[in-house]
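Okay, structure first, notes after.
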Amino acid sequence: MPRVDKENYYLDIAQTVLERSTCRRRLYGAIIVRADEIISTGYNGAPRGRKNCVDLGYCIRQQMHIPSGERYELCRSVHAEANAIISASRRDCIGATLYLVGRDDSADGPLIPDATSCSMCRRMIINAGIERVVIRNTPTEYTVIMVSEWVEDDESLLPNIEV
């Protein structure tokens, strides 16, 4: 059996982390790795001490028919990337790689091939000093994003509009 490459090795670990997710819509797992050492892990779920959506039996965003990727302020969950960053020190994040895996509905649901970070998580990733984000697309394929691209392509700026 061929040896798994490092990117898939860490993505496999992030995929295991997502099994702790408590979201009813999408499950995410993230790990931060620097110098070939796991710094921290994170999955999406309600803040400590609050009830999780799986415990409540419903998702408010689903009940309101809010499309995926919109109105995150209504979501009970802290995102996987944010939880991984919260659990790490900035000094350990500088130059690190964040590995991210997402699944629909359940731990054995389909992989989310475009499981990119939301704009708020992108800002946290930038400020944490993380250098790369690796996102699983299929069981063996992934996308590598240089965080410097998110800095340069600032989605929070309005397009140049003549007044």
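The values are calculated or read from the model by the stated rules, or taken from the named source; none is laboratory data. The shown structure was predicted, so the numbers you read here are calculated from the model rather than taken from an experiment. Neighbour counts are summed over all protein chains in view; Cβ atoms, including those assigned to glycine, are modelled from backbone coordinates with ideal geometry. Side chains are part of the model used for accessible areas, which takes the heavy atoms of the whole protein and leaves out ligands, DNA and RNA. Shrake-Rupley method; radii C 1.70, N 1.55, O 1.52, S 1.80 Å.
When +1 charges are put on Lys and Arg Cβ atoms and -1 charges on Asp and Glu Cβ atoms, the dipole computed for segment 73-163 relative to its Cα centre reaches about 480 debye. Heavy-atom accessible area with a 1.4 Å probe sorts Glu81, Glu7, largest first, into Glu7, Glu81.
Within the set of other residues whose C-beta is less than 11 Å from the C-beta of Tyr99, count the net charge using Lys and Arg as +1 and Asp and Glu as -1. Spelling it out: positives minus negatives among the neighbours equals 0. Rolling a 1.4 Å probe over the heavy atoms of the protein chains gives the chain an accessible area of 60 Å² per residue. Can you give the local net charge around Ile126? Use residues other than it whose beta-carbon is closer than 13 angstrom to its beta-carbon, Lys and Arg +1, Asp and Glu -1. Net local charge, Ile126 excluded: -3.
Near Met64, once Lys and Arg are set to +1 and Asp and Glu to -1 for all other residues with Cβ below 15 Å from its Cβ, the sum equals +3.
Within the set [x] 17.2; [y] 11.6; [z] 10.7, the number that mean projected area of the Cα convex hull in nm² takes when calculated for this structure is listed as [y]. Using a probe radius of 1.4 angstrom, the carbon and sulfur fraction of the accessible surface of segment 28-74 is 46%. Spatial offset of segment 1-69 relative to segment 121-147 amounts to 14 Å, using the alpha carbon center of each.
Sorting Met120, Met1 on solvent-accessible area from highest to lowest, probe radius 1.4 Å, gives Met1, Met120.
Relative protection proxy for 92-105, 55-68, from highest mean packing down: 92-105, 55-68 (other beta-carbon atoms within 10 angstrom). Since only Tyr58, Met146, Val133 are under comparison, the one whose Cα sits farthest along the positive direction of the charge dipole of segment 1-153, derived from C-beta charges on Lys, Arg, Asp and Glu, is Tyr58.
Per-residue Karplus couplings for segment 46-55, computed as 6.51 cos²θ - 1.76 cosθ + 1.60 with θ equal to phi - 60°, are listed in order as 4, x, 3, x, 8, 6, 7, 4, 5, 7 Hz, Gly and Pro entered as x.
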